[in-house]
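See structure below.
The values are calculated or read from the model by the stated rules, or taken from the named source; none is laboratory data. Model, not experiment: these values are computed from the prediction. Glycine gets a Cβ as well: all are built from the backbone with ideal geometry, and neighbour counts include every protein chain shown.
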Amino acid sequence: MRDITRQIADDAEAGVSHTVVDEDPAVNLSPRVIPEVRAHANGGRVLLLDGSTITAEDTPKNQDEYPQNPVQKAELGCPILRYVTLTLLYTGLLFDVAYGPYSGKGTGETALMRRLLNVLLPGDILVADCYLCTYWLIAACRQRGVYAGDEKSSPA
């Protein structure tokens with residue numbers, strides 16, 4: 001499923017111009033950062049990184065793999081998954097996702113993002129919220145030629 005999702009997103013992205021600046025980048029776009037990024041042609045992909053949680057069906061298998069919130073009494077809550085997504089700005093399509101348990105060692109959004117680093121390409125721009133904008137992520141992106149910081153750190 002992951003390979004199919006990425007192939008569809010890649011195919012759609014290939015049909016989008018990354019070198020032509022939109023005439024009116026603010027049309028139907030929110031939040032403010034999206035029209036600001038789209039107003040500057042960069043020649044490459046712009047990926048939006050964000051994370052959240054969802055609840056899963058309350059089955060014994062899901063409870064084992066994705067435990068409920070640890071402050072709830074046993075059997076009173078649903079299993080919780082944490083996930084991060086990469087969405088292509090120009091097409092709005094989901095490009096990739098990483099998910100895991102809600103709590104425990106190595107289950108935070110930053111840890112999940114580490115699983116997605118290999119899909120970033122030189123010349124990509126990564127837009128993340130303040131929770132994910134860490135020194136580690138900026139350094140890892142710069143090492144790969146991915147823009148994820150201030151103008152001075154741009155790989156271009």
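Could you check the stretch 60-74 and list, in sequence order, the residues that are closer than 20 Å to Gly106 by Cα and either part of a loop (DSSP other than H, G, I, E, B) or without any contact (Cβ under 8 Å) to a residue 12 or more places away in the chain (or both)? Spell out how you get there, then give the answer.
Of the residues in the stretch 60-74, the ones closer than 20 Å to Gly106 by Cα are 62-71.
Of everything in the stretch 60-74, those that are closer than 20 Å to Gly106 by Cα and either part of a loop (DSSP other than H, G, I, E, B) or without any contact (Cβ under 8 Å) to a residue 12 or more places away in the chain (or both) turn out to be Asp64, Tyr66, Pro67, Gln68, Asn69, Pro70, Val71.
Please verify whether Thr110 is touching a Leu at 6+ places or on another chain (Cβ under 9 Å), more than 19 Å from Ala9 (Cα to Cα) and of a type in the set (Val, Ile, Thr), treating the condition exactly as stated.
Working: touching a Leu at 6+ places or on another chain (Cβ under 9 Å): yes; more than 19 Å from Ala9 (Cα to Cα): yes; of a type in the set (Val, Ile, Thr): yes.
Judged against the criteria, Thr110 is a match.
Would you please name the residue that is nearest to Val97 (Cα to Cα), looking only at residues in the stretch 135-156 that are exposed (fewer than 14 other Cβ atoms within 10 Å of the Cβ) and at pLDDT 75 or above?
For the stretch 135-156, the residue satisfying everything is Trp136.
Scan the stretch 79-98 residue by residue and report those that are over 11 Å from the mean Cα position of the chain (by Cα) and either closer than 30 Å to Thr59 by Cα or assigned to a strand (DSSP E or B) (or both).
The answer is Pro79, Ile80, Leu81, Arg82.
Any chance you could count how many residues in the stretch 100-133 are under 14 Å from the mean Cα position of the chain (by Cα), assigned to a loop (DSSP other than H, G, I, E, B) and within 28 Å of Pro67 (Cα to Cα)?
Total meeting the criteria: 8.
I need the full set of residues from the stretch 50-86 which are closer than 27 Å to Cys130 by Cα, among the charged types (D, E, K, R) and surrounded by fewer than 17 Cβ atoms within 10 Å (Cβ to Cβ), in order please.
Once the filter is applied, which keeps residues that are closer than 27 Å to Cys130 by Cα, among the charged types (D, E, K, R) and surrounded by fewer than 17 Cβ atoms within 10 Å (Cβ to Cβ), the stretch 50-86 yields only Asp50.
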